[in-house]
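Please treat every number below as a calculation from the coordinates, not as lab data. As the structure is a computational prediction, the values presented were derived from the model and not from experiment. Glycine also receives a Cβ, built like all others from the backbone with ideal geometry; neighbour counts cover every protein chain displayed.
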C-alpha cells in the first residue's frame, strides 16, 4: 500500500510543475490544455478511473480502453471548439465519475468492446468541456494537443495504480475502496 501511495505521489508531482504555468499567456494553449484535465477534479477522477479499469481488465483492454477515451474525447473537443450544442455536459461528466467509480468496485471483467463503448460515451462529454473552455487566445491545435497529453498521462497513472495494486496482497480491496470513494464524489457532483 505504501509503495502504491508513494508511486502515485511521484507521478502526480511530475504533473504538478506544469500546473504552475498553466494560465500564463505563453505556450500557445498547450499548457492550458494540459492543465485542464489535471485541474478539473471531475476530469481527473474519471480519467484515473479509465486507466485503473483498463488495468483491472488486462490484456488488450490495457491500451484499447484508454485509447478509445482519448480518441473520442478529441472528437468531443472538436465539437466544443466549433460551438456544436451538447446538452447536459456537466451532468454527463458527473455521471461518468459515478459510473466509473462503481465499475472499479465490481471485480467482474467486461468485454473490451463494451468498455470501449462505455468510456467512449463519457469521453464525448469530457472532450466537449475541454473544447468549449478553450482560452480565447489559445491556438486550438496546441490546446487540443495539451488536453490529449494531459489525459493520456492521467490514464497512464491510472494504469500504473491498477497494475501495482494487482501485485499487492490487499490491492483489490484498495481499488474497491478507491472506486467507492470516486463513486461517492460522482454522486455528490450529480446532486450539487
Filtering the stretch 52-94 down to residues that are touching a helix residue (DSSP H, G or I) at 6+ places or on another chain (Cβ under 7 Å) and free of Cβ contacts under 8 Å to residues at least 40 places away in the same chain yields 92
Those residues of the stretch 112-171 which are out of contact with any helix residue (DSSP H, G or I) (no Cβ under 7 Å at 6 or more places or on another chain), surrounded by fewer than 16 Cβ atoms within 10 Å (Cβ to Cβ) and not in a helix (DSSP H, G or I), in sequence order: 136, 137, 169, 170
For the stretch 32-42, check the following and say yes or no: at least one residue is surrounded by fewer than 22 Cβ atoms within 10 Å (Cβ to Cβ), without any contact (Cβ under 8 Å) to a residue 24 or more places away in the chain and in a loop (DSSP other than H, G, I, E, B). no
